[in-house]
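Report on the following structure.
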Amino acid sequence: MPYCEDDLLALSALQHLLFCPRQCALIHIEQAWQENLYTAQGRLMHERVDQSGRESRKDVRIEYGMPLRSLRLGLIGKADVVEFHRMDSGEGWRPFPVEYKRGKEKKENWDKVQLCAQALCLEEMLGRAVPAGALFYGKNRRRQDVVFTDELRRQTEDTAVKLHELIGAGRTPAPVYTKRCDSCSFYEICLPKILEKRRKIDRYLGQAYEEL
């Protein structure tokens with residue numbers, strides 16, 4: 001059953017959720033935001049790209065800052081760039097979303113899921129298949145093509161469901177410290193090491209009390 005307009009969640013929250021459910025909740029439930037050098041660089045990159053507009057280059061039309069929505073997945077957002085490639089069959093234009101990222105390619109699928117969600121929005125909005133897109137990484141100035149496989153589509157849809165469950169529950173998960181915490185802009189707000197240690201102490205004291 002499709003979501004209504006009031007239930008739509010930010011498409012970018014998919015990447016936040018996959019990176020860290022606690023970070024996602026801090027941003028999208030508690031409405032917190034903390035910027036560091038990395039997020040500032042990423043914000044500036046998106047500001048340069050996300051200006052609404054369009055241009056044409058031979059067999060490619062380019063839309064900047066294109067609004068996106070999916071009532072099926074309950075997502076809303078904006079694509080940095082959507083290229084429309086003229087199809088050889090003469091049947092119109094094929095959408096090709098391009099997402100800009102500050103860093104470099106990742107082993108995990110966080111960025112690919114966010115890009116795939118854009119493709120699913122475009123398919124729903126335009127009624128046309130979107131088989132592939134690309135991620136452009138600012139650190140190495142490289143463009144990584146991404147094929148939207150059945151597996152990636154399933155992961156994206158499952159992540160959207162988990163996002164609605166997290167936001168719907170309205171509870172921020174407890175912190176779990178990992179190496180990626182060190183580069184997270186929310187480190188000083190989240191306090192993963194301190195709160196995780198406190199949780200362990202509370203559990204130890206609770207067990208000791210029960211034994212007594």
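The values are calculated or read from the model by the stated rules, or taken from the named source; none is laboratory data. Keep in mind the model is a prediction, meaning the values are calculated, not measured. Cβ placement follows ideal geometry from the backbone for every residue including glycine, while neighbour counts extend to all protein chains displayed. Side chains included, ligands, DNA and RNA excluded: accessible areas come from the protein's heavy atoms. Shrake-Rupley method; radii C 1.70, N 1.55, O 1.52, S 1.80 Å.
Listed values, structure above:
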{"quantity": "Per residue value of the accessible surface for the stretch 145-192 (all protein chains in place, 1.4 Å probe), Å²", "calculated": "60"}
{"quantity": "Cα-Cα P(r), the stretch 87-132, percent of pairs per 5 Å interval", "calculated": "5, 20, 25, 20, 14, 9, 6, 2"}
{"quantity": "Net length gained if the chain between HIS85 and ARG54 were fully extended (0.36 nm per residue, minus Cα distance)", "calculated": "9.8 nm"}
{"quantity": "Accessible heavy-atom area order of TRP93, TRP33, highest first, probe of 1.4 Å", "calculated": "TRP33, TRP93"}
{"quantity": "Cα-based equivalent ellipsoid of the stretch 46-187: semi-axis lengths in Å, sorted from largest, via gyration tensor", "calculated": "28, 19, 14"}
{"quantity": "Sorted largest first, extent of the stretch 74-113 alpha carbons per principal axis (Å)", "calculated": "37, 25, 16"}
{"quantity": "Contour minus Cα-Cα distance for TRP93 and MET1 (0.36 nm per residue)", "calculated": "30.2 nm"}
{"quantity": "Estimated FRET transfer efficiency (ALA32, ARG141; beta-carbon r; R0 30 Å; 0.05)", "calculated": "0.40"}
{"quantity": "3J(HN,Hα) from dihedral phi, the stretch 104-121, Karplus parametrisation 6.51/-1.76/1.60, rounded to Hz, x for glycine, proline", "calculated": "10, 4, 10, 6, 6, 8, 3, 6, 5, 5, 4, 5, 4, 4, 4, 5, 5, 5"}
{"quantity": "GluC sites (Glu not before Pro) lying in DSSP loop within the stretch 62-164, provided at most 14 other Cβ fall within 10 Å", "calculated": "GLU91, GLU105, GLU108"}
